[in-house]
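Chemist: Encoded as C-alpha cells, here's the structure I'll be asking about.
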Amino acid sequence: DNQAKMARTTARGLIDDDTAIAALERKRRKDFIRDTLLPHLYRWIIDDDVTRFDSNQSHATIVDPEDPSKKIKVHQRIWRLTNREQQHKVFLQSSYYKAFMDMNPSATGVGITVFSEGLKKFKKLVSNPKPESCVDEKVSGLEYAMEAMFGVLNKGETKEAFLCHQCKEGEIAPAEVLELMRLRSSHKLVDAVCCEKVERPDLHIDKEKDCPRMIPFSCTHGKFVEEEVKKKGKGKGSTKKKKKKKKGNTERCQCCGYKKRLMALFDKVKDDERLGNKAVTVMVWEKARRQGKAKKNGKDNTQQELTSKVMTVAQLIDHFVKLLHICIPHIQEIRWIKHLQDTDFTKMSPGTILIFTDYAALMALRARQAKNSSVDAHAICDNFVILWNKRVVKVTGKKKDEGGVEVDVEEEVTISNVDIVHFFAETFEKGKKNDHANFTCNNLSYASNSAYAVQHESLKRLGPSRWLNDELINGFNIHYLGSKLDERSHIFSSHFMSKLLSTGDHGTNPPNYKYANVETWSNRIAGGLFNQHNIFVPINHQNIHWLTLRINFLGKRISLWDSQGVKHTNVLYTHTALRYLGDEHENAFPEGDTTKWLQSWRIEDLSDTCPQQENDFDCGIFHLLNLCLLVNEGGISLESYSQASINTKEVRKIVAYLLWAASSNRPVVTTRYE
C-alpha cells in the first residue's frame, strides 16, 4: 500500500511538472508572438481607416515598436471602432496581419487575448472617443451614409442586380463599390473616385524616404479658368475686352469624380421604383437646440449632433453624393497636413525658407465669414515663424574621454536663423469658431505651490458651457486669490470639506463626519486658526454644484452662499463647519468651555442675497466671483453681478488669463534668435 501511494504521488508530481512546463511554454510562446506582433500592430493602429487624430490631445511618448531601446513621440489618436472583438476581426482581415503571418510562418495565428495584450502597449497612443474629442463631421457623415448604403445593397436580389451592372470604361466595378461600403473607408473611397496619385518632388524634403505621392489638386479642388469678358466702353457702340477671373469658375478633372466613376451605377438603383422608394434609417449630423439664446438676434443656440433620420434610398444616394463632393477636397487637405506633421524639416536643403503660420485661418476670421468668425471686436494675434539661412557651423565645447578627463572637442551642427513676426487683426462677427473654441495652452504649474498645478484637460473646461472641476477652483483660489488675501485670512482647498465629511474627492459618498481626516490642516495656516479674521471654504456638493462658505472670527459668523438659492442640504455644511470649530477649540484650549464658546456663534444661509445662476454649469464661475467679492470687498449683494454680465464680459476667458498670468511656466516670446 505504501509503495502504491508513493507511486501515485510521484506520478501526480510528474503530471503537475509537465503541466507547469507546458504552461510556461505556452506563456513563452504567447509573449514571443505578442512582441513580434507589436510593429505590425503599431502600423495598423496609425492607419487612418482604423483610427483618427484626436485634435484635443497632443503627442504621446511610447516605446518604439521597431526598437524597444528607444522612445518616440506620436500624436494621440481615437479608435473608429470601440468594440475590442470588432477591432480584432478587422485586424485579422488587414494587410498588416498578413505581413505578420508571412514573416512568422510557424505562428498559428493571433487570438484576441494576445491581440488585447498587444494593444495595452499602445494605451497612451490610442483611446476610445471622449465627449470632448473633436469629431470630423464631414468624414463621419460620409461613413455613416456608406454604412447605410451597404445595408441596402448587400441583400438578396438587390445585391445580385447590383453586381450584374455592366461597367463602362473608367467606372468602378460594383463588387469594389460594395467592398468600399462595407469597409466604411472614406479615404479609400476618395482614392477610388479620383485619379491615381502622382509623385510630388516639391514635397520630397527627406531624401532618405520615397517621394510622396498625392492625388492631383485638379482632381480634388479643380482649377480656375479665365474667360474673355466683353465690357461696354463709354463711347457709343464701343467695346473693351477685359480678362476677368470669375469667382467660383472651376474646371473639374474630366477623367474622374462621381459622374465618371459612380453615377451610372447609382442612377440604376434610383431608377428602380421598388428599391428607390424603400425607407432606410441613416445617422446624420444635424443642428440641435442647445441651452440659451444668441445675444444678437435672440434665436435659440444650436449645435451639431448625430441623429437618426428616415429617408428613401433615392434620398440616401443624393445625401451620399453631396457628402462625397464635400469630402474629396477635405480629405486631400487632411493628407497634406498629415504629411507636413510627419516631415522632418531638419533635412531640408540649405536654400529653403520655411514659414509656419495659421495665416489662412486668421484671414478667414478677418473676412466676415460667419462659419469661421470669432467674437465681436476680438483681437487676434497670429505668429509667423520663419526659418532661413540653414547652415552647418563648427562648435567647440568640452567632453569627457574614456578616462573621465575633460577634453576640448569640435563638432559640426546644423543651425538656422529664426524670425518671429506677430500679426494682429480684429474680427467683426461672432460665429462657430468662438462657440467651439478650445484652450490650447499647456499644463500650468506654480512656483508657490506645485501641488495645485492646472492640467491641460482641466483648462479646456473653461470653454463654453463646461462645469469647473476641483483643479480649476483650487488653482484659481490658491494661486490667484491667495496673493490677494490679507495676512489674517486663509482659503482651504475644495478637498477640505470632502475630507471632513468623508465624501471622497468628488463628494459623492454619503457624509460621515471625521475630524481626524483634517486634524492637521490648521497647522498649515500661518499664525494659527484662531488668529485669523476669515477662513474661506469652497464646497463641491456631490460633484455637481459649487457653494461658498466663510468662517468669520471677528463677527463669529458662519455664512454660506449658493447661486441656486436656499436649500435644505446647505445646513449640512454650515453645521459641519461649526462642529469643526468646536473640535479645533477643544484641541487648542483643553481647559476652555467649548460648548459656551460655540453658543456665541451664528449660522446664516445668505443664498437669497447673492446673484443667481440661470443654467446648470456656471456655478463654479459664480463661486469664484463670490469669493473675489468677499476677499476684496467683504460682501455680496444681488446687484453685485448677474448671469448676463458673466456672458457679456466673458468671465471664463478672464479666469483663464488670470490662471495663466499667475503660473510660473507661461511662455516667453523671443522676437529673433539663432
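Chemist: For H40, what accessible area in Å² do you get when you roll a 1.4 Å probe over the heavy atoms of the protein chains, rounding to the nearest 10?
Modeler: Spelled out: H40, probe radius 1.4 Å, area about 10 Å².
Chemist: Right, another one. Using the Cβ atoms and a cut-off under 10 Å, what net charge is assigned to the surroundings of W546, where Lys and Arg are +1 and Asp and Glu are -1?
Modeler: Summing Lys/Arg as +1 and Asp/Glu as -1 gives -3.
Chemist: Among K309, K556, what's the order by accessible area (1.4 angstrom probe), most exposed first?
Modeler: Greatest to least solvent exposure: K309, K556.
Chemist: Using 0.36 nm per residue, how much length does the chain from T343 to N128 gain when fully extended, once their Cα-Cα distance is taken away?
Modeler: 74.7 nm
Chemist: Moving on. Summing +1 for each Lys or Arg and -1 for each Asp or Glu, what net charge is found among the other residues whose Cβ lies under 12 Å from the Cβ of Q93?
Modeler: Counting the neighbours of Q93, the net charge comes to +1.
Chemist: What ranking of K295, K653 comes out by heavy-atom accessible area, probe 1.4 Å, highest first?
Modeler: So the residues, ranked largest to smallest area, are K295, K653.
Chemist: At 1.4 Å probe size, with the rest of the protein present, what percent of the exposed accessible area of the range 522-607 is carbon and sulfur atoms?
Modeler: Carbon with sulfur: 49 percent of the solvent-accessible area.
Chemist: Right, next: Could you report the accessible area of E410 in Å², rounded to 10, computed with a 1.4 Å probe on the protein chains as they sit in the structure?
Modeler: Near enough 120 Å² of accessible area.
Chemist: Rounded to the nearest angstrom and ordered from largest down, what semi-axes does the equivalent ellipsoid of the range 249-349 get from its C-alpha gyration tensor (root of 5λ)?
Modeler: With the √(5λ) rule applied to the range 249-349, the semi-axes are 32, 29, 13 Å.
Chemist: Select from the range 590-622 those chymotrypsin sites (Phe, Trp or Tyr not before Pro) which occupy a DSSP coil region and have at most 16 other Cβ atoms within 10 Å, ordered by residue number.
Modeler: Counting only loop positions with at most 16 other Cβ atoms within 10 Å, the chymotrypsin sites (Phe, Trp or Tyr not before Pro) in the range 590-622 are F617.
Chemist: Applying 1/(1 + (r/R0)^6) with R0 = 51 Å to the Cβ-Cβ distance of Q542 and D202, what FRET efficiency is obtained, to the nearest 0.05?
Modeler: Computed FRET efficiency for Q542 and D202 comes out at 0.30.
Chemist: I'd like the accessible area for Y580: 1.4 Å probe, protein heavy atoms, all chains in place, Å² to the nearest 10.
Modeler: Accessible area, nearest 10 Å²: 0 Å².
Chemist: Between A588 and W467, how high is the FRET efficiency from 1/(1 + (r/R0)^6) when r is the Cβ-Cβ distance and R₀ = 35 Å? Nearest 0.05.
Modeler: After rounding to 0.05, the efficiency reads 0.40.
Chemist: Quick one: with all protein chains in place, what share of the accessible area of the range 257-359 is carbon or sulfur, to the nearest percent (1.4 Å probe)?
Modeler: Roughly 54 percent of what the probe reaches on the range 257-359 is carbon or sulfur.
Chemist: Now, a different point. Any idea of the accessible area per residue across the range 551-647, 1.4 Å probe, to the nearest Å²?
Modeler: 48
Chemist: Would you list T503, T396 from the most to the least accessible area, probe 1.4 Å?
Modeler: Ranked from most to least accessible, the order is T396, T503.
The values are calculated or read from the model by the stated rules, or taken from the named source; none is laboratory data. Just so it is clear, the structure is predicted and the values come from calculations on it, not from any experiment. Note that we place each Cβ from the backbone using ideal geometry, even for glycine, and neighbour counts take in every protein chain shown. Please note that ligands, DNA and RNA were not included when accessible areas were found on the heavy atoms of the full protein model with its side chains. Shrake-Rupley method; radii C 1.70, N 1.55, O 1.52, S 1.80 Å.
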